[in-house]
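> After the structure tokens below, expect a handful of questions from me.
The values are calculated or read from the model by the stated rules, or taken from the named source; none is laboratory data. Small disclaimer: the values here were computed from a predicted structure and weren't measured. Neighbour counts run over all protein chains shown; Cβ positions are idealised from the backbone, glycine included. Side chains are part of the model used for accessible areas, which takes the heavy atoms of the whole protein and leaves out ligands, DNA and RNA. Shrake-Rupley method; radii C 1.70, N 1.55, O 1.52, S 1.80 Å.
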Amino acid sequence: RQQLDDYFSTAENSELFVNSIYSQVNGESWYQIEFFRQICEMSTDDNWAGNTEQPRPDITGIAAYNVFPGSSYINSFWEFTYIGITRANIALERIPEVEMDEDLKSRLLAEARFLRAWYYFDLVRNFGGVPIVTTYTELLEPEIRDVTRSSEDEVYDYVESELELAIPDLPLKSEYAANDLGRATRGAAQTLLAKAYLYREKWPEARDMAAQVIQSGQYQLEPNFADIHSVNNHHGVESIFEVEMITNFQFTDIGGTISTTSGSRTDQGWGWCVPSSDLENAFLEEGDEVRLRSTIIKHGEPVFGDPEVESFDAAPTRNKSGRINRKAYIPIADRESPYMIGQHALPVIRFRLADVILIHAEAAYFSGNEQAALESLRQIRERVSLDTDMSLSGVELRDAIWKERRLELALEQQRLYDLRRQRVNGMPRIASILGPNGSFVEYNTEESTDPFETTNLGEAQNKGALFDPSVHMLWPIPPEEIQLSRGNITQNPGY
Amino acid sequence: QKEVTGTIKDEAGTLLPGVNISEKGTSNGTVSDFDGNFTISVEENAVLVFSYLGFQAQEIEVSGKSVLNVVMANDQEALSEVVVIGYGAIERDKISSSVSTVEGEELTKVTASNPAESLQGKAAGVQVLSGGGNPGASPQILVRGITSNNGTQPLIVLDGVPLAQGTSLNFLNPNDIKNFQILKDASASAIYGSRASNGVVLITTKRGAAGKPTINFDFSQGFQRLEKINVANADEYIQVMNLRRTNDGSAPIYDQADYNTSTDWWDETIENFAPVTNLNLRASGGSENIKYAASVSYFKQESNYSKGFYEKVTARFNTDFQISDKISIKQDINPRVESYGNTPNVLYNVLRIDPLTPVYLPQDERTGNIFSIYEGSNNQVPNPVGSIARLFNETKFFGLMSNTQFNYEIIDGLNFNSQLGLNINHARQDVFNPTFFTTPNEQRQINNVTRRVDENFNYVWNNTINYTQDFGKHYLNVLGGVLFDSQTYNYVSAYREELPSDENPDLRYIDAAAGEGVSVGGNEAVETIFSGIFRGIYTYDDRYFFTGTIRADESSKFAEGNRLGVFPSVSVAWDVDSEEFFNVDFINNLRFKAGYGQIGNQNIDRNGQFFSIGTGNYVFGGSRVVSNYLSQFGNPALQWETVEDKNVGLTMAIFDNALDFSVEYYEKTSQDLLFNVELPNYTGIPGLVAQNVGSFESKGWDIQVGYNKTWGDFDMDLNMNVSTNQSKAVALAPGNEQLFGQNREDLGNRFIKITELGRTVGLFYGFETDGIFQNQTEINAHSSENGQLIQPDAQPGDLKFVDTNNDGVLNDDDLTTIGNPFPDFYGGFTANMSYKDFDFSMQWYGSFGNDVFNYPRTFMNAGTQDVNIAAGTLGRVWTPENPSAEFPRLTLNDRNGNYQRPSSLFIEDASYLRLRNVQFGYNLDIKGFQKFRVYVSGQNLFTITDYSGFDPEVSAGGDIINDFGIDYARYPVSKTYLVGLNLTL
């Protein structure tokens, strides 16, 4: 085996090492990182935990806010995200010493810096303040055992300053060779920074950073909404940062998993994280047929874009809602054979232009620029043939932007964080949707007549009733980490 | 020349066969026959020397007599036997260190694949932890507690050749073993230096004796049974699952009317009779110049499942050549073939799968291959019958050991010895995983085949010079030597996918596969140790005994600069009974001894010092790219673990040696303890890091009592030993004040084992419970000073957890130690009795005061994740009508975390006393046979215990500190019933 001290000798090795930092963006298998994100999706009004066959308190419990802090998914998300950070720390410490082309060197360092910021951002939005480790050398010192949690602001400040350092050194998407597509771009770093500003309600900064991405000329909206999440559309025009997936039977860690984890149990899927009728109603209320058909597959109906399926079997006795995520679905004709987890060629798009445009809309609105907000909103709605009321303003405009975010980015693992950060009169929106009197809970327990959800009670109708805003704005720190740190890492309140 | 004949008897008048008779000063000699008779031709004025183990040798002048009837006197010391010690042999009474001996004869009473199993309860201070009841399982031997976390197995030395760490004794034929010597303290084991800290087991195989050939044939045949575990049937399962839901206000899940299946998964998977067969044939004999002992044996044991077996054929040829007065050579060859099929590990799933699921799909729903005919369970537990059907994992092993010893007597008392031990083995493992479909979570779409070939070559070259001489009352024995030990490990493995057929066993090979999934592996590792040893033994007047040893080892396992270790020891003994002032008649022997030494442990991952780079994959631009990352975080500062050992003891024999007694006390302290530390995950360090973290101390008492008496035809031999041990952490490096083990996902990703400063190592860790809340008043009363409820989510029937730090909040700060897996004391009792042609023996083993983490209790009265429950659960769980229940209420959501936290609910006292073996034999008097014995025996026939799990003797698995004492319902120790035959010609 090659040893670390001899390893960083060439440009090629430096690049191969940086490649490994990317591996933890989605994890190398379904359970390390990606499934936790799906559980976060389940913990919103857009989805049910779904699978009513497998009694799994470490999944369904979290979705229902009967949170089991020891869930392996929370634990491994924490663990593998930090593995990504340490890889970045090693690269950032060792690559400067390597003799190589200076442009390549600064690009590789900027890639590592972007990814490290990505990981800390993903930690802080889930756990609040976390320990910040920024070098490899400190791992060799005994004091590494005594690190404590930094504050939430310190982590966000670190993410922002790192991204500011990385942005100038990162190439534009168009500057990369075709075989390097998927590496971090300036647009990706700017999008992440815009999002960090948005989460912190730094409205003008968010607006301006989003505008830079939009105006970079590197991206455009996919003309046809259905093409965004297509197995045949890798690094499409709208894609800003994606984890590309390919079918390769020799290696099981570079193909997609979500098509299996959220597929129907009669379609070789596991039936986790299925769309709610509440989400479907949101599309119907808006008359948004274009995005509905590319977001939700419903039991007994044909699948849009898959001529081979005339009546989809979503196994409603085994699936809470009788609905399946269309964005994760691969049409029969496009499937690899055998069709199996870890081999799906459907890319996982982490950032796309529509998200940035909606960040711009929201940030512009909150920085008092309603006209710019409306213009961005219109762009998004125009693609899916929806009219925009250009007279909207005030809270109506705000609500329209928020609703647009829900419909456009449904099932793309954004909803939980949006509901946590978006506030009405200082109260997080999630507290009005979930909780014993939450609108989603009331809809399901009192109003819903959905033929699937109201008959399959394997997952209780009152999902979310246990939500408590004094506890559930953050996830628990994994108990293992509290033990391993001898209590230096403290638990979040209420857990 | 003159012919002398005679008969040899002992003091009781019993004829003594096998007595050595030699003409003094010549190589002329013979052995008495089965009836104690001998004939020898000698010079007229010869002096005959009669010698026999356990008797005083005597010299008789022939002086013209032609008949000599000799009475051999019992050796009052009963200790003049020569025993092996490291790199030499010496009279037992000259040893001043702590050594336990177990005779080979004792080992053959138990029919087991592994001779170590027979050691259980036979020697004080030696704990044998079961490896489970599956065929070929290897128990762990623990000598005097724990001073290390890395490879606590003692060093095994076979006829002077140290074997690789962790070598299973499966390869040995118990009938070949003359005895086991267990070197328990450092003054005995320090001669083995850096590998001795877990104790040393010296195994000596039987050798031939001059005389007419002896032929032995042994046969036993039996079967093994498992005690059935009763779980709920369909009716009870439905009631419990529905109650779990209705208790939480949800709708019931099952309607009894919908189900007419009630599968008994135990009966579907477990076979009642698992046969075990043992055959052994040996011959020994020879002349004064060439002696031989040859054996061949066959052993086969099957599991109680339809898959899983262990089979071996071993042979051994031990030869001794006296080339000249000066030169002798020993040459031993030991080839062996083993074959084993992995035993399914499905008991856990047998307990958990719901009884509503039929074993097979209905005929008309079967579409796939023969591995796809199994029903997927309602509660998502993999169908165990299907798992067994799909298990194809077999290994074929071939091994050859050769042991050559050359001895040259330079001058009288000065010997040069050179020993070359070779150990070559080859193992081939074949694994096949067929395509099947049961459910989306339980399926394989592409079949695969793996073959792995291991080839190891180890050799040992020992060169020693030994000088032994008596100078009047002074006796001196000095040894010096240079040793070299090399172990080479080598493997290659290949994995391929897409075989053309799942069902044709002839097509399960690498070349038949066609798929893209290919993976190959191969590696070679070499470990060497270069050593120098010195030992001096001095005794004065058989009253004062002194031994000093020193060994220096240079091991390749450590980084340069840390490779050399030096290990000294010293021991003294005083025979009080040999003093002139001592005149207590009934005390035959009284000896005090004391020893001190330092020994080492180098059992760490040989790669522990390295920071290794691993290889993975990612995708850019539509193609796979290689990625590299840090796969192991090393520690170049790793050092030897050193154990400092002190031992004092007393041995005594009284009443004409009928009663013997020994007691010893020891303290062992490890320095620079090696531990694989898991750093906090925020470090992003993958896996564990080997570190020298501190110091463990192990201390305890070993007590042994033997009673041996003959009354006419009745002979009785009783032996009992009791040991205590406590192993504590006495120093831990900063940052490592708490060492954890056994992270359990379903108990909240918490560790359930902890080692803390000043406390016993490897204690159970969790929440303390204080009964069950009976009503809301009790829940309200469990509150902080300012009235805040400590368990706000609790309902009547939930567990009350103790707020151990009294901070008014129940959280991970309240975790505490909740049990100790190590016994207060353990011991064995052996009784051998014979009357005329009848013989009877029994052997008991007990362990007292040890706790077990009964893992099945986390679900077997709860139905967590809807798994099946123990029969009778409804009567054991809390309901308002059953307030004194042991287990909390049934709940689906479990908001109180009754079953989501490690707690004292799962800890039980697992003290037990077990009848390990009972045997009843009868010797038929048949012409032509020296012995024709038939016997019946039973192993593990019954166990006295309060433990509610399946087997209080939980198998060890893994490392002792972090894994021992947790019952994961592995294959339990089974009851064995046997009949057997021993013939001697």
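> State the number of residues belonging to region B:445-486 that are touching a residue at least 12 places away in the same chain (Cβ under 8 Å), part of a loop (DSSP other than H, G, I, E, B) and away from every other protein chain (no Cβ under 14 Å).
1
> From the residues in region B:774-793 that are within 14 Å of chain A (Cβ to nearest Cβ) and in contact (Cβ under 8 Å) with a residue 24 or more places away in the chain, which one is most open to solvent (accessible area, probe 1.4 Å)?
In this case the residue turns out to be B:793.
> Let me spell it out: the conditions are (1) surrounded by fewer than 18 Cβ atoms within 10 Å (Cβ to Cβ); (2) closer than 26 Å to residue B:174 by Cα, and residue B:20 meets all of them except one. Which number is the exception?
(1)
> Report yes if residue A:264 is within 14 Å of chain B (Cβ to nearest Cβ), crowded, with 24+ Cβ neighbours inside 10 Å and not in a strand (DSSP E or B), otherwise no. Let's see the steps before the verdict.
Working: within 14 Å of chain B (Cβ to nearest Cβ): yes; crowded, with 24+ Cβ neighbours inside 10 Å: yes; not in a strand (DSSP E or B): yes.
Here the answer is yes, as residue A:264 does meet what is asked.
> Looking at residue B:758 and the list (1) open to solvent by 20 Å² or more (accessible area, probe 1.4 Å); (2) closer than 27 Å to residue A:495 by Cβ, which single condition is not satisfied?
Condition not satisfied by residue B:758: (2).
> Are there any pairs with C-beta distances below 6 angstrom linking a residue in region B:516-535 that is within 14 Å of chain A (Cβ to nearest Cβ) and farther than 25 Å from residue A:248 by Cβ to a residue that is in a strand (DSSP E or B) and polar (S, T, N, Q), with the two at least 6 apart or on different chains, and if so which?
B:524/B:490
> A follow-up question, please. Being of a type in the set (Gly, Ala, Ser), within 22 Å of residue B:195 (Cα to Cα) and assigned to a helix (DSSP H, G or I) is the filter here, so list the residues in region B:108-135 that pass it.
Taking region B:108-135 and keeping what is of a type in the set (Gly, Ala, Ser), we get B:112-113, B:116, B:118, B:121, B:123-125, B:130-133.
Remaining after also requiring within 22 Å of residue B:195 (Cα to Cα): B:116, B:123-125.
B:116 - this is the single residue of region B:108-135 that is of a type in the set (Gly, Ala, Ser), within 22 Å of residue B:195 (Cα to Cα) and assigned to a helix (DSSP H, G or I).
> Within the group A:454, A:445, which residue is free of Cβ contacts under 8 Å to residues at least 40 places away in the same chain, within 13 Å of chain B (Cβ to nearest Cβ), assigned to a loop (DSSP other than H, G, I, E, B) and of a type in the set (Ser, Thr, Tyr)?
Numbers: A:445 fails: assigned to a loop (DSSP other than H, G, I, E, B).
When all the criteria are applied, what remains is A:454.
> Conditions: (1) outside any helix (DSSP H, G or I); (2) buried (at least 24 other Cβ atoms within 10 Å of the Cβ). Residue B:921 meets all but one. Number of the miss?
Only one criterion is unmet by residue B:921, namely (2).
> Taking residue A:408 as meeting all but one of (1) among the acidic types (Asp, Glu); (2) open to solvent by 10 Å² or more (accessible area, probe 1.4 Å); (3) touching a helix residue (DSSP H, G or I) at 6+ places or on another chain (Cβ under 8 Å), write down the number of the exception.
Among (1) among the acidic types (Asp, Glu); (2) open to solvent by 10 Å² or more (accessible area, probe 1.4 Å); (3) touching a helix residue (DSSP H, G or I) at 6+ places or on another chain (Cβ under 8 Å), residue A:408 violates only (2).
> Need a quick list: strands (runs of 3 or more DSSP E) entirely within region B:136-203 having at least 2 residues that are under 28 Å from residue B:739 (Cβ atoms). If you could, list the steps in order and put the result at the bottom.
Values: elements: B:140-143, B:155-158, B:177-183.
Ranges flagged: B:140-143, B:155-158.
> Identify all residues within region B:720-737 that are within 11 Å of another protein chain (Cβ to nearest Cβ) and either among the acidic types (Asp, Glu) or open to solvent by 40 Å² or more (accessible area, probe 1.4 Å) (or both); write none if there are none.
B:734, B:737
> Restricting attention to region B:339-398, which residues are out of contact with any strand residue (DSSP E or B) (no Cβ under 8 Å at 6 or more places or on another chain), open to solvent by less than 20 Å² (accessible area, probe 1.4 Å) and closer than 20 Å to residue B:258 by Cα?
Scanning region B:339-398 gives B:353, B:354, B:356, B:357, B:377, B:379.
> Here's a follow-up. Considering B:440, B:500, which residue is within 14 Å of another protein chain (Cβ to nearest Cβ) and out of contact with any strand residue (DSSP E or B) (no Cβ under 9 Å at 6 or more places or on another chain)?
The unique qualifying residue is B:440.
> Of the conditions (1) out of contact with any helix residue (DSSP H, G or I) (no Cβ under 6 Å at 6 or more places or on another chain); (2) of a type outside the set (D, E, K, R); (3) touching a residue at least 60 places away in the same chain (Cβ under 8 Å); (4) farther than 24 Å from residue A:420 by Cβ, residue A:21 clears all except one; give me its number.
Going through the list (1) out of contact with any helix residue (DSSP H, G or I) (no Cβ under 6 Å at 6 or more places or on another chain); (2) of a type outside the set (D, E, K, R); (3) touching a residue at least 60 places away in the same chain (Cβ under 8 Å); (4) farther than 24 Å from residue A:420 by Cβ, residue A:21 breaks only (1).
> Further question on the same structure: Residues in region B:738-751 that are more than 27 Å from the chain's Cα centre (by Cα) and crowded, with 16+ Cβ neighbours inside 10 Å: how many? Explain how you work it out, then say what you get.
If we filter region B:738-751 for residues that are more than 27 Å from the chain's Cα centre (by Cα), which is where we start, we get B:738, B:745-750.
Imposing the further condition that a residue be crowded, with 16+ Cβ neighbours inside 10 Å reduces the set to B:738, B:746-750.
Of the residues in region B:738-751, 6 are more than 27 Å from the chain's Cα centre (by Cα) and crowded, with 16+ Cβ neighbours inside 10 Å.
> If a residue counts only when it is of a type in the set (Val, Ile, Thr) and closer than 26 Å to residue B:461 by Cβ, which strands (runs of 3 or more DSSP E) contained entirely in region B:532-646 have at least 1 such residues? Please lay out each step first, then the result.
Numbers: elements: B:544-555, B:564-575, B:587-601, B:612-620, B:623-632.
Because the criterion is at least 1 residues that are of a type in the set (Val, Ile, Thr) and closer than 26 Å to residue B:461 by Cβ, the strands (runs of 3 or more DSSP E) in region B:532-646 that meet it are B:544-555, B:564-575, B:587-601.
> Further question on the same structure: Pairs only if they're at least six apart or on different chains, beta carbon under 6 angstrom, first in region A:240-258 and over 28 Å from residue A:190 (Cα atoms) and at the interface with chain B (Cβ under 7 Å from one of its Cβ atoms), second open to solvent by less than 30 Å² (accessible area, probe 1.4 Å) and among the aliphatic types (A, V, I, L, M); list them, first residue then second.
A:248/A:254
> When the residues of region A:30-67 are narrowed to those that are touching a residue at least 12 places away in the same chain (Cβ under 8 Å) and of a type in the set (Gly, Ala, Ser), which ends up surrounded by the fewest Cβ atoms within 10 Å (Cβ to Cβ)?
A:64
> Taking region B:1-44 only, how many residues are of a type in the set (Asp, Glu) and assigned to a strand (DSSP E or B)? Working first, answer last.
Looking only at region B:1-44, we keep the residues that are of a type in the set (Asp, Glu), and these are B:3, B:10-11, B:23, B:33, B:35, B:43-44.
The next check asks that each one be assigned to a strand (DSSP E or B); those that pass are B:3, B:10, B:23.
The total comes to 3.
> Can you name the condition, by its number, that residue B:691 falls short on among (1) open to solvent by less than 60 Å² (accessible area, probe 1.4 Å); (2) away from every other protein chain (no Cβ under 14 Å)?
Evaluating residue B:691 over (1) open to solvent by less than 60 Å² (accessible area, probe 1.4 Å); (2) away from every other protein chain (no Cβ under 14 Å) leaves (2) as the failure.
> Ok, one more. Within region A:325-349, how many residues are under 30 Å from residue A:192 (Cβ atoms) and within 14 Å of chain B (Cβ to nearest Cβ)?
Step one: of region A:325-349, the residues under 30 Å from residue A:192 (Cβ atoms) are A:325-330, A:341-349.
Going one step further and asking which of them are within 14 Å of chain B (Cβ to nearest Cβ), we end up with A:341-349.
Total satisfying the criteria: 9.
> Can you name every residue in region B:495-512 that is open to solvent by 50 Å² or more (accessible area, probe 1.4 Å), free of Cβ contacts under 8 Å to residues at least 24 places away in the same chain and in a loop (DSSP other than H, G, I, E, B)?
Within region B:495-512, B:500, B:504 qualify.
> So, one more: Can you tell me which residue within region B:603-634, out of those that are small (Gly, Ala, Ser) and more than 7 Å from chain A (Cβ to nearest Cβ), is most open to solvent (accessible area, probe 1.4 Å)? Let's see the steps before the verdict.
Going through region B:603-634, the residues small (Gly, Ala, Ser) turn out to be B:608, B:612, B:614, B:616, B:621-623, B:627, B:631, B:634.
Narrowing the set further to residues that are more than 7 Å from chain A (Cβ to nearest Cβ) leaves B:608, B:614, B:631, B:634.
Details: B:608: 8, B:614: 6, B:631: 38, B:634: 5 Å².
Here the answer is B:631.
> Return the only residue of A:183, A:145 being open to solvent by 10 Å² or more (accessible area, probe 1.4 Å) and among the basic types (Lys, Arg). Explain how you work it out, then say what you get.
On the way: A:183 fails: open to solvent by 10 Å² or more (accessible area, probe 1.4 Å).
Criteria check complete, one pass: A:145.
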